[in-house]
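Colleague: My questions all concern the structure below.
The values are calculated or read from the model by the stated rules, or taken from the named source; none is laboratory data. Since the structure is predicted, the reported quantities are computational estimates derived from the model, not experimental observations. Heads up, the Cβs are rebuilt from the backbone with ideal geometry, glycines too, and the neighbour counts pull from every protein chain shown. The accessibility values were calculated without ligands, DNA or RNA, using every heavy atom of the protein model including side chains. Shrake-Rupley method; radii C 1.70, N 1.55, O 1.52, S 1.80 Å.
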Amino acid sequence: MDNSTIATQSITVKIVDGNLHVQLVPTTTSTPTTYYAAKYNSNGRVQFAETWLVPSSAQPLRVQDVRVAASAADSGGGTSQESDVVGLIADLGARPLKGPGFAAGRTAVVDALGAIESASGNATDCVHVDGSSGPCGGEQASFMDGDSPAGVVDGSNTSFTLSAVPNPASSLAVYRNGMLQKIGQDYTLTGSTIQFVTAGAPQPGDTLLAGYRLSGTDSGAPQLYPSSQVLCGGTGAATSGVTLTSIGTCDIPAGVLLPGDRVEIRFDFAHQGTASGFSFEILWGATTIVHRDAAASDALVTGRANAAILAAGAQLDSQSWGTVLPFSATVASAADSYTSGLTIDFQGMLAQTGDTLTLANYTVVRLP
């Protein structure tokens, strides 16, 4: 390195009989490394170009001794300072920076200093607009559906006991043979005890069912869907077959249902014709919630069913009736797993050919 100045200019040299002679300042010892750009012209046109890196030498060098690949020249062109680029420092100062809590694979939040941090907390927490996190939802209520009050139904006993204490008490709904009873008029409630008025004592053969909310549990578990949600609804298909056939389904995806939820199912069937009776079923997974056999004179049937979601499986209840089909209420349990998703299936069939059975309408609602 002799501190020679390499001028920023060009020089044109003729190649005579294949001989090229030009004096150049060495560039291999320069800081930063500098390259020469050589262009070959013929008849006023650039034939090709190449890059030279000239070392110090007491002897003449051949072109092949100084020729370098373009990629090597591109990668070794030296470094530039940020201040060399106009406006770069100001632009870099305006960009958000990684904070000390930044981590990949988490929700990004901006801290009070404007730095990008990662949201802290459990993977199932919800992130609030201020960047804080916590369990989704609040106190979660649970439900008791299709509860059969304990007590002797003999026409004289008026005291019956629920499986748990309704909370709030106003959430209690007591059905006697499908008819809603009125608290304060037909019965009173003390804790978990229902006391019917003397004149309204349940008679032998009566069916008692109750539904109510229970005290909420602040378990900290996330509540994915804190509001009521229509899962499915619409009109179904029709069948004229004599074997049970699916005429409507509701597929509930995995992760939608949680313990403490309740699924309410409402359905309406229409029967066209008077030559044949018919049957219909509502299936919760592989478990039958409702099965009814209707007469040929039943033009319309309707009903509702509930599934109280438990830690494993569900508790089921139903009510159904028709034009002449008598009212019926049922209660059962289902072991079907809902964690990976579950299908509610509406099925129907004719007793003999000639008529048509249609799923006129159905709705499936998830209540948190």
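Colleague: Net charge near P202, counting Lys/Arg +1 and Asp/Glu -1 over other residues with Cβ under 13 Å of its Cβ? Present the calculation step by step, with values, prior to reporting the outcome.
Modeller: Details: positive: R176; negative: D154, D186, D206.
For residues surrounding P202, the net value is -2.
Colleague: So for the stretch 256-363, averaging the separation of alpha carbon pairs under 8 Å that are six or more residues apart and normalising by length, what relative contact order in percent results? List each step's numbers first, then the result.
Modeller: Values: 267 pairs, mean separation 40.3, N = 108.
Value for the stretch 256-363: 37 percent.
Colleague: Of H271, H128, which has the most accessible area with a 1.4 Å probe, and how do the rest follow in descending order?
Modeller: In descending accessible area the options line up as H128, H271.
Colleague: May I ask you to evaluate 6.51 cos²θ - 1.76 cosθ + 1.60, the Karplus curve with θ = phi - 60°, for each residue of the stretch 263-268 and list the ³J(HN,Hα) values in order in whole Hz, giving x for glycine and proline?
Modeller: 10, 9, 10, 10, 8, 9
Colleague: Now, a different point. Mind sorting out which of [x] 5, 21, 30, 22, 9, 4, 4, 3, 2, 1, 0; [y] 5, 19, 22, 22, 18, 10, 3, 0, 0; [z] 4, 15, 16, 13, 9, 7, 6, 7, 8, 7, 5, 2, 0, 0 is the real P(r) over Cα pairs in 10 Å bins from 0, in percent computed from the coordinates?
Modeller: Evaluating P(r) over Cα pairs in 10 Å bins from 0, in percent on these atoms matches [z].
Colleague: Follow-up question, since we're still on this one. Mind running the shape call on the stretch 109-168? Use the C-alpha gyration tensor, a ≥ b ≥ c as the square roots of the eigenvalues: rounded below 1.5 for a/c, prolate if a/b tops b/c, oblate otherwise. Spell out each step's value before the answer.
Modeller: Working: a/c = 8.85, a/b = 5.89, b/c = 1.50.
Judged from the Cα gyration tensor, the stretch 109-168 comes out prolate (a/c at least 1.5, a/b above b/c).
Colleague: For the chain, with a Gaussian network of springs between Cα atoms less than 10 Å apart, report the residue from Y187, Y35, Y212 with the top mean-square fluctuation.
Modeller: So, out of Y187, Y35, Y212, the one fluctuating most is Y35.
Colleague: Each residue of the stretch 306-311 in turn: what ³J(HN,Hα) in whole Hz from Karplus with 6.51, -1.76, 1.60 and θ = phi - 60°, glycine and Pro shown as x?
Modeller: 10, 10, 8, 6, 9, 4
Colleague: GNM on the chain, C-alpha springs below 10 Å: top fluctuator among L113, L189, L300?
Modeller: L113
Colleague: Which value, in Å² rounded to 10, gives the accessible area of E82 with a 1.4 Å probe and all protein chains present?
Modeller: Looks like 100 Å² after rounding.
Colleague: Which of I116, F280, V68 sits farthest toward the positive end of the charge dipole of the chain, with +1 on the Cβ of Lys and Arg and -1 on the Cβ of Asp and Glu?
Modeller: Comparing the listed Cα positions along the dipole, V68 ranks first.
Colleague: Which order do R106, R366, R176 take by accessible area at a 1.4 Å probe, largest first?
Modeller: Values: R106 110, R366 0, R176 45 Å².
Of R106, R366, R176, the descending order of accessible area is R106, R176, R366.
Colleague: Running a GNM on the chain with Cα contacts under 10 Å, which residue among L258, L231, L20 ends up with the highest mean-square fluctuation?
Modeller: Comparing L258, L231, L20 in the GNM, the peak value goes to L20.
Colleague: If R0 is 30 Å, what FRET efficiency do you get for T339 and N361 from their C-beta distance, rounded to 0.05? Display every interim value, and only then the final one.
Modeller: Details: r = 29 Å, r/R0 = 0.97.
Computed FRET efficiency for T339 and N361 comes out at 0.55.
Colleague: Given the rule -39500 (n - 2.57) for each run of at least 4 DSSP H residues, summed and divided by the residues of the chain, what is its mean residue ellipticity at 222 nm, to the nearest 500 deg cm²/dmol?
Modeller: On the way: 3 runs with 17 residues, N = 368.
Result for the chain: -1000 deg cm²/dmol, rounded to the nearest 500.
Colleague: Given axes a ≥ b ≥ c from the Cα gyration tensor, I'd like to know whether the stretch 271-312 is rounded (a/c under 1.5), prolate (a/b larger than b/c) or oblate. Mind dumping the intermediate values first?
Modeller: Working: a/c = 4.87, a/b = 2.89, b/c = 1.69.
In terms of gyration-tensor shape, prolate.
Colleague: Mind listing the long-range amide H neighbours of G101? Cut-off is under 5 Å, sequence gap 5 or more, other chains count too, H placed in the peptide plane at 1.01 Å from N.
Modeller: Residues meeting the amide H criterion: S118.
Colleague: With a sphere of radius 11 Å drawn around the Cβ of Q315, what net charge do the other residues whose Cβ falls strictly inside it have (Lys, Arg +1; Asp, Glu -1)? Mind showing how you got there, number by number?
Modeller: Values: positive: R262; negative: D145, D147, D317.
Taking every Cβ under 11 Å from that of Q315, the sum is -2.
Colleague: Give the aspartates and glutamates reachable from K182 as a straight Cα distance under 20 Å; neighbours fewer than 8 places away on the same chain don't count.
Modeller: Of all the aspartates and glutamates, those that pass the test against K182 - Cα under 20 Å, at least 8 places apart if same chain - are D145, D147, D206.
Colleague: Relative contact order for the chain using alpha-carbon pairs under 8 Å, separation at least 6, rounded to a whole percent? Don't skip to the end; give the middle numbers.
Modeller: Values: 780 pairs, mean separation 53.0, N = 368.
Relative contact order, the chain: 14 percent.
Colleague: ³J(HN,Hα) across the stretch 172-189 via Karplus (A = 6.51, B = -1.76, C = 1.60, θ = phi - 60°), whole Hz, x for Gly/Pro?
Modeller: With coefficients 6.51, -1.76 and 1.60, one gets 5, 10, 10, 10, 10, 6, x, 9, 5, 8, 9, 5, x, 10, 9, 7, 10, 10 Hz.
Colleague: First compute the accessible area of the chain with a 1.4 Å probe, then give the percent of it belonging to carbon and sulfur atoms.
Modeller: 52 percent
Colleague: Where nothing but the Cβ of Lys and Arg (+1) and of Asp and Glu (-1) is charged, how large is the charge dipole of the chain around its Cα centre, in debye to the nearest 20? Write out the running numbers ahead of the final one.
Modeller: Numbers: 16 positive and 30 negative charges, 175 e Å.
In debye, rounded to 20, the chain gives about 840.
Colleague: Can you tell me how the stretch 164-307 classifies by the Cα gyration tensor, rounded, prolate or oblate, using a/c under 1.5 as the rounded cut? Don't skip to the end; give the middle numbers.
Modeller: Values: a/c = 3.04, a/b = 1.27, b/c = 2.39.
In terms of gyration-tensor shape, oblate.
Colleague: Quick one: ranking T12, T235 by accessible area, 1.4 Å probe, largest first, what do you get? Present the calculation step by step, with values, prior to reporting the outcome.
Modeller: On the way: T12 135, T235 105 Å².
In descending accessible area the options line up as T12, T235.
Colleague: Now for a different question. Excluding residues on the same chain fewer than 8 positions from K14, give the lysines whose Cα lies under 22 Å from its Cα.
Modeller: Of all the lysines, those that pass the test against K14 - Cα under 22 Å, at least 8 places apart if same chain - are K39.
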